[in-house]
Amino acid sequence: MLVDKYNRVIDYLRVSVTDRCNLRCKYCVDGEFPFVAHDEILRYEEIIRFVRICSELGVTKVRLTGGEPLTRKGIPFLLKEIFSIKGINDVSLTTNGVFLGRQILDLKEAGLKRVNISLDTLKRERFTEITRVDAFDEVLMSIEKAMYTGIRPIKINTVVIKDFNDDEILSFARLAKKWGLEVRFIEFMPFGDSALWDSSRIVPSRVIEERIRTEYPLEPLSNATKGPAKMYGIAGSEGKVGFISPVSTHICSECNRIRLTSTGMIRPCLFSDTEYDMKSLMRRNAGDEEIREFVESVVEVKPANKHEKGQIRKCQRNLRSIGG
Ligand code: SAM
């Protein structure tokens, strides 16, 4: 088992498969949008090897993310390979949904059982304004297709930002109720160079929850997946809402994850810019044992929490390049 010095068991690996994204969300990226050169990105056989080594250390759960994972060719292949690794019992995907509809059958055939789709507005024009791409219809169609193929749960991830999309909180709750989906509201986090970032833009989960309760009675649910979301059922429906509060609450003591960036860096804490170069080690032909020891040493220095002098750390890189 991978256990850090604060007794947290690390059994969850988030793998960013690309830094590329087909959207340009205003709160995520600003200005220049340079992509990393192709050979700096981990090849599939390197990702698969790394996941296998992590699984031997006790990792059981993997999520593919990016950039936008579905901009990279062959994701169904990668999923299938990761599913076949002994000890891995859960593989999921986080996507903006634009290309999901056209790949959903291949992904399902590869073994995908659940998916998280990021969507921050239910208004077509606003979608284009936020993402700088006119692809709202594709995302809605992808959600519908995923529902028809029987993939469950489908989780919609919505970042709530003050005076940007916080007027849509009830619309998202309505969507959860009507479509029987799980909508998870995420607090705006301090990443990268977005001109939009300002701590006054954070809408705390408590405020989002209160607003939903004005229209929808909520019933607490146990958190079966051990994830960071506080989950509720919407009374009288299959719909659920969840609240992910990285900024307003202290969830670090329950953190069970490490990240692998698309360039092969291990990032033991989302909120710390310190990363550890696994790719160079692997490309210097390190054996499995050496990589295993490296992972253990990285877990050993996983920070206790995301705060520095009582403040949440502001990270240099945006989530697109880290792997959100
Ligand atoms: N392209 C995929 C997607 O859209 O889900 C995966 C990568 S994206 C960076 C992952 C998630 O990070 C998205 O839900 C996005 O909204 C979220 N995100 C990006 N910047 C954020 C920020 N500053 N605060 C909170 N969430 C953010």
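The values are calculated or read from the model by the stated rules, or taken from the named source; none is laboratory data. Since the model is a prediction, treat every value here as computed from it, not as a measurement. Note that we place each Cβ from the backbone using ideal geometry, even for glycine, and neighbour counts take in every protein chain shown. We work out accessible area using only protein heavy atoms, side chains counted, and drop any ligands, DNA or RNA first. Shrake-Rupley method; radii C 1.70, N 1.55, O 1.52, S 1.80 Å.
Taking 0.36 nm per residue of separation and subtracting the current Cα-Cα distance, fully stretching the chain between Gln311 and Asp134 would add 60.0 nm. Over all other residues within a Cβ to Cβ distance under 10 Å of Leu13, the charged ones net out to +4, with Lys and Arg as +1 and Asp and Glu as -1. Every helix of 4 or more DSSP H residues in the chain counts as -39500 (n - 2.57), and over all residues that averages to -8500 deg cm²/dmol at 222 nm.
For the chain, the longest principal axis of the C-alpha atoms and the axis of helix 288-300 are separated by about 50°. A Förster distance of 22 Å, applied to the separation of the beta-carbon atoms of Asn22 and Asp163, puts the FRET efficiency at 0.25. The charge dipole of the chain, taken about its Cα centre with unit charges on the Cβ atoms of Lys, Arg (+1), Asp and Glu (-1) only, comes to about 480 debye. In the context of the full set of protein chains, segment 254-297 has a per residue accessible area of 41 Å² (1.4 Å probe). Looking only at Glu275, Glu45, Glu182, which one moves most when the chain is put into a Gaussian network model with springs between Cα atoms under 10 Å? Judging by the Gaussian network model, the answer is Glu45. FRET efficiency for the pair Glu45 and Val3, taken as 1/(1 + (r/R0)^6) with r the Cβ-Cβ distance and R0 = 22 Å, rounds to 0.15. Isolated cysteines of the chain, defined as having no other cysteine beta carbon under 4.7 Å away, are Cys21, Cys54, Cys252, Cys255, Cys269, Cys315. Cα-Cα over 25 Å: which of Lys113/Lys230; Lys73/Lys279; Lys240/Lys314; Lys26/Lys113; Lys80/Lys145; Lys108/Lys302? Where the Cα-Cα span goes over 25 Å, the pairs concerned are Lys240/Lys314; Lys26/Lys113; Lys108/Lys302. Computed from Cα atoms alone, the Kirkwood hydrodynamic radius reported for the chain is 20.2 Å.
For segment 12-322, the antiparallel share of DSSP beta bridges with both residues in that region comes to about 30%. Extension gain for Glu293 to Glu109 (0.36 nm times residue separation, less C-alpha to C-alpha distance): 62.8 nm. Could you please report the charge total around Glu32, scoring K, R as +1 and D, E as -1 over all other residues with beta-carbon less than 15 angstrom from its beta-carbon? Value of the local net charge: +3. Computed in the context of the full set of protein chains, the accessible area of segment 1-107 at 1.4 Å probe radius has 53% of its extent on carbon or sulfur.
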